[in-house]
Amino acid sequence: QSQLSFRFAERGLVTMLRTGAVKTALVFEKGKRHLCAYQTPYMPFELCVKTFEVKNSIAEDGILELDYIIEIRGAKAERTKFSMRIMD
């Protein structure tokens, strides 16, 4: 069973942690690229997260928005726009 959690070190820096059969820790920081580890049951590998936008207003209105590209060995694999709203 997988679990997803988020850590907020500061307003513009977000870490997404996934546990379970596939484990990863992705780091998002606007305008930066971060090397991240991705562990599968078969083998671990590195990927790069290039972040275009981090909008973290969790404290004000419960919203987190991320716009990023995942690169594997220099090849763009996927551009993602992620939006999360925390509701009572």
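Values computed for the structure shown
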| read-out | value |
| --- | --- |
| Enumeration of residues in the range 36-51 that are aliphatic (A, V, I, L, M) and closer than 17 Å to residue 16 by Cβ | 37, 47, 49 |
| Subset of the range 23-82 (residues that are of a type in the set (Phe, Trp, Tyr), within 26 Å of residue 1 (Cα to Cα) and part of a strand (DSSP E or B)) | 28, 38, 45, 68, 82 |
| In the range 8-46, the residues that are in contact (Cβ under 8 Å) with a residue 12 or more places away in the chain and more than 22 Å from residue 64 (Cα to Cα) | 20, 21, 22, 37, 38, 39, 40, 41, 45 |
| Lone unmet requirement of (1) surrounded by fewer than 11 Cβ atoms within 10 Å (Cβ to Cβ); (2) within 11 Å of the chain's Cα centre (by Cα); (3) β-branched (Val, Ile, Thr) for residue 54 | (1) |
| Residues within the range 13-60 that are more than 23 Å from residue 76 (Cβ to Cβ) and of a type outside the set (D, E, K, R), tallied | 9 |
| Test: residue in the range 64-73 that is open to solvent by less than 80 Å² (accessible area, probe 1.4 Å) and out of contact with any strand residue (DSSP E or B) (no Cβ under 7 Å at 6 or more places or on another chain) | no |
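Condition check ((1) at pLDDT 95 or above; (2) in contact with an Asp or Glu (Cβ under 8 Å, 6 or more places away or on another chain); (3) within 14 Å of residue 82 (Cα to Cα); (4) surrounded by 16 or more Cβ atoms within 10 Å (Cβ to Cβ)) across all residues:
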site	(1), (2), (3), (4)
3	no, no, no, no
7	no, no, no, no
10	no, no, no, no
13	no, yes, no, yes
16	no, no, yes, yes
21	no, no, no, no
28	yes, no, yes, yes
31	yes, no, no, no
38	no, yes, no, yes
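The values are calculated or read from the model by the stated rules, or taken from the named source; none is laboratory data. Since the structure is predicted, the reported quantities are computational estimates derived from the model, not experimental observations. We place every Cβ from the backbone using ideal geometry, glycine too, and count neighbours over all the protein chains shown. With ligands, DNA and RNA removed, areas are computed over all heavy atoms of the protein, side chains included. Shrake-Rupley method; radii C 1.70, N 1.55, O 1.52, S 1.80 Å.
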